[in-house]
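Read-outs: derived from the displayed coordinates by stated rules, not from any lab. Because the structure is a prediction, the values reported are computed rather than measured. Every residue, glycine among them, receives a Cβ derived from its backbone with ideal geometry; neighbour counts consider all protein chains shown.
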Amino acid sequence: MKRYYNSTTKEWYTEGNSLTRRVNGALFSGVPSVEQLTAWGFVEWHEPEPTPAELLERAKASKIAELEAYDASDAVNSFTLGGQTMWLTREERTQIDESINAYEGIGANEMTKYFGGIAYTFPLTVWKQMLNALIVYASEALNVTERHRTAVIQLQTEQEIEEYDFTVGYPPKLVFNLDEQ
C-alpha cells in the first residue's frame, strides 16, 4: 500500500483508508483520490534507500542472527549418551550437579537419571566426569560463538559477511558410550 505525507500538516495517509478533512468550507469524508491528496499537499512517501553503512549493519545483524540460531541448534547443543542424542540445558546440568552432591551426602555410590524415557545408572564419579566434560564443552562452544560474533562485527564488507563461515571451530561433540562408563 502506498503511503502519503503532508510536510506542512505533518499528516500521514495510507492508501485505501478513509480520511476526513475540511476543504473550502465543506467536509470531506471518504477515500480520497491521488489528485485530491496532491491538491491537499500530500506527496507519495518513498522509503529512502539505505546507506551503505545501514546495509552493512543489516548484513551483520542478519549473520549474527544466523549464528545465534546455529548456536542454539543441535549442531552445537547436543551430545550422545549410549547412542541417544540429547542436550542438557544449564539449568538441567545444575540440577544434576545438585543431585550428585545430595547422593554423595547420603553416602550413595551411584545414581539413576531418566532421559527420554531411558534410565541411566552410573557411579557418582562417572556422573561427575560426564557432567564436567559437558560443562567444559558448553563453555568452549560458547567461546567459539562469541569469537564468531566478534569477528562478524569487525567485518568491513557485505561480501566478507556473506562468505563468513561461523560453523567452524566448535569443539568435537561428546560421545559417552555406556560400555565405557
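Structural remarks
- Each of L37, L142, L124 was scored by other Cβ atoms within 10 Å of its Cβ. Arranged with the fewest first, they read L142, L124, L37.
- The range 96-180: radius of gyration and largest Cα-Cα distance (Dmax), Å: 19.1, 60
- On the basis of the beta-carbon distance and an R0 of 25 Å, N132 and D165 show a calculated FRET efficiency of 0.25.
- A Förster radius of 30 Å combined with the Cβ-Cβ distance from S78 to A102 puts the calculated FRET efficiency at roughly 0.65.
- Residue order for I106, I96, fewest other beta carbons within 10 angstrom first, comes to I106, I96.
- Axis of helix 124-154 versus longest Cα principal axis of the chain: the two differ by about 30°, to the nearest ten degrees.
- For F28, the amide hydrogen comes within under 5 Å of the amide hydrogens of R21, R22, V23, counting only partners 5 or more places away or on other chains and with H modelled in the peptide plane.
- In terms of surrounding Cβ atoms within a 10 Å radius of their Cβ, V168, V23 rank from fewest to most as V168, V23.
- Helix 52-72 axis, angle to the chain major axis (alpha carbon atoms, nearest 10°): 30
- P(r) tail, the chain: Cα-Cα pairs separated by more than 30 Å, 54% of all pairs.
- 27 Å Cα-Cα reach of K113 towards lysines, excluding residues that sit fewer than 8 places from it in its own chain: K128, K173
- E68/N24 FRET efficiency (R0 45 Å; Cβ-Cβ; nearest 0.05): 0.20
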